[in-house]
Every structure is written in structure tokens, then in C-alpha cells.
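Accompanying notes for the structure given below.
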Amino acid sequence: MSVRSKRTFQSNQELWQAFLSSDKEAFACLFEEYADAMYAYGCKMTSDAELVKDAIQDVFVKLYKNRLSLRENVMIKGYLFVTLKHTLLNLLHTHVTLSLEDGDGVRFKIDLLSQRLYEEDSSCGCCEEEETRQQLLKALDELTDRQREAIYLHYIQEIPLNELSVLLDMNYQSTRNLIHRAMTKLRQHIQPTSYASIPLLLVQYLSE
């Protein structure tokens, strides 16, 4: 995994096909392209950074070993996130005793960007920014872990709904409803604002 890819691929499909053909540079490119996002996602489920790194390593090792039997048409990011989640949950259940919550027993924590970072990018007053930040922090705490995970994946990691439903092990309509309920709850706690402006706040304040 220390190999760095010097090639560029025209599309994710081309990258995946090259990987399935045992192209080591394509494998290196997959790791370089998605490992950081996977790490960010994993750290939302546990504060054990080393365990997240172990899970990511396991994912890519198994990915390479099983490359000849993998499907040709996949959404790479969603597929890797699903695999990481299952791997990490297995490791967590091995390391600790979990109380069941939302089906898997794992708290999903979303961090806000540091105050210094968002103030540097803001032309608004600091007091107003801090008030909005505190409202968002309180609103996020009111969501269920599944709702926090859904809005993080959809709005921050830009996972489309059809992939998100697979990642959350829900049908498409249930996933849409989950997102809608989460956004409605956020709007109730962040005033005054419109429903449409909530995604902008998420992108502005939430860290990857």
C-alpha cells in the first residue's frame, strides 16, 4: 500500500475495471483516492483512530484478495464505505461490549469545524456565527445516530440516495424519509432559516 499511482484514470469505471484486472497502480489509486474519506467516516463511529486504520487496511487487503470475484459495476465510494462499516462494526464488537442503539450499537458523532476556521471564511459578525454554530450543535445532538450518519454521508461525503440506502441497509423511500425527518428536526432548532438553507449550513460548519 506504500505504492503511489502515477497514472490517471478517466472515470471511476475505468479505475475499477483496471483494478479488477489486477492493475497494481489502479489499486494504489483506489487507496489514495478514498482512504482519507474512509478514515473520516470511520472516526465518526469510534474515537479509536488506530482501530479505524486497522479496519481500512483490512478492507483494502480483502479487496485485493477478492478482486477476481467482485462485481464489475459498483459505485466505488459507496461500496468502500459499506465494506468499511461492516469491518469496523465487527472489530468494535470484538474489542468492546456494545449496548444496542439504532441497530448496531455505535454512536455516530459529527464534529463541527473549529471556530477559527469558519471565522476566517466568514464575512458575518462573530456573535451571529457563534449563535448559529451553537444552534447547529444542539440540533445535531437531538438527531438519532442513524439520522446523523445519513446527513453526514449525503451532504458532506456526497453519497447519492440510491447508494446511501444500501449503506444504511434501508430501502430508497425509507432513506428519503430519514433524511427529511432529520432536516425537519434541524430546521426546528435553527431559527430563523429555511429548509433549503440547512444543507448550506451543514457544508459550512461540519467537518469531514
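Between residue 200 and residue 22, what length comes free when the chain is fully extended (0.36 nm per residue of separation minus the Cα-Cα distance, one decimal in nm)?
Computed gain between residue 200 and residue 22 is 60.0 nm.
Might you tell me the accessible area per residue for the stretch 17-63, computed with a 1.4 Å probe and given in Å²? Walk me through the numbers before you get to the answer.
On the way: 1960 Å² over 47 residues.
On a per-residue basis, the stretch 17-63 sits at 42 Å².
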_Assuming 0.36 nm per residue, please report the length gained on full extension of the stretch residue 86 to residue 13 beyond their Cα-Cα distance._
23.9 nm
*For the stretch 127-205, give the percent of accessible area contributed by carbon and sulfur heavy atoms, probe 1.4 Å, rounded to a whole number.*
51 percent
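Let's test the formula: R0 of 45 Å, r as the Cβ-Cβ distance of residue 61 and residue 176. What FRET efficiency results, to the nearest 0.05? Don't jump to the answer; show the numbers that get you there.
Details: r = 35 Å, r/R0 = 0.78.
The value I calculate is 0.80.
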*residue 206's amide H: which non-local residues (gap 5+, or another chain) put their own amide H closer than 5 Å, with H modeled 1.01 Å from N in plane and none for Pro or chain starts?*
113
*asked:* Run the reach check for residue 65 against lysines, Cα to Cα strictly under 20 Å, same-chain hits fewer than 8 apart removed. What comes back?
replied: 24, 53, 77, 85
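For every other residue with a beta carbon closer than 13 angstrom to the beta carbon of residue 14, add +1 if it is Lys or Arg and -1 if Asp or Glu, then tell me the sum. Could the numbers behind the result be given before it?
Numbers: positive: 7; negative: 23, 25, 33, 72.
Neighbour charge sum, excluding residue 14 itself: -3.
The values are calculated or read from the model by the stated rules, or taken from the named source; none is laboratory data. These figures come from a predicted structure and were not determined experimentally. As a convention, Cβ positions derive from the backbone with ideal geometry for all residues, glycine included, and neighbour counts pool all protein chains shown. Surface accessibility is based on the protein's heavy atoms, side chains included, excluding ligands, DNA and RNA. Shrake-Rupley method; radii C 1.70, N 1.55, O 1.52, S 1.80 Å.
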